[in-house]
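**Student:** Below are the structure tokens for one structure; questions will follow.
Readers should treat all values here as calculations from the given coordinates under stated rules, not as data from a laboratory. Predicted model only: the values in this text are computed from it and were never measured. Here the Cβ is made from the backbone with ideal geometry for all residues, glycine too, and neighbour counts use every protein chain on show.
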Amino acid sequence: MNRLFIENKYTRMVNTETCNIKRGDHVKIPKQIQKLKELNMSTKDKQATMNVSEVFHLWNHLVQRYNIIYLTNILNLFAKDEDLKIILAFGKKVLESHIMLLEKEMMAYGIPLPVRHPKQAQTTASLEQISDRFIFRRVLRGIQAFLPTHTMAFMHSTSPKIRELFMSFLAEEMKLYDKLMEYGKVKGYTIMPPIYRP
């Protein structure tokens, strides 16, 4: 008989045949165990389950997400291309969903939230000074710079729930990067290295 052991307050046996556990569900089990353990824990008890690196990465990710949304709002004021405006709006939506997840986790662990930028960005610069090509390259470079941050946060986390959060951010950011790169190729905004001919 196929049996799976799951630990919450008491170790109990669960028959996988009656639970209908599907392929791949075993990967989610550590996160589910952590959720069960944390159900009746106080904030102080939850804090004891986190390491200082996880706290730093949660806080740092949230600070950076606040900064990126603020910059996106400014860049959106300068964007002329409608496709670029759609891309910026989609990226902002993704960032806002990340912010909600990060704030929720930080509040659950009693981690103070950083100060947030104003919701609306205002600028006195001339619209002609910033081109769509500059906006594209700035956003692309920002994603390139942040991919290793997601990876380091994932590697430094010992909590299955927090690791899964950072892994989802990394996967989502890679998909955004891929789509943005294709947009840049179509518009001629990418910096192409010279062709090598021996």
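**Student:** Counting only pairs 8 or more places apart or on different chains, how many lysine pairs in segment 42-187 have C-alpha atoms closer than 20 Å?
**Tutor:** 28
**Student:** Would you work out which of G184, H117, S159 lies farthest towards the positive end of the dipole of segment 42-187, given +1 charges on the beta-carbon of Lys and Arg and -1 on that of Asp and Glu, about the Cα centre?
**Tutor:** Among G184, H117, S159, the one farthest towards the positive end of the dipole of segment 42-187 is H117.
**Student:** Quote the FRET efficiency, to the nearest 0.05, computed for R138 versus Y196 with a Förster distance R0 of 30 Å and r equal to the Cβ-Cβ distance.
**Tutor:** That gives a FRET efficiency of 0.60.
**Student:** Assuming R0 = 25 Å, what is the FRET efficiency of R116 and A171, from their Cβ-Cβ distance, to the nearest 0.05?
**Tutor:** 0.50
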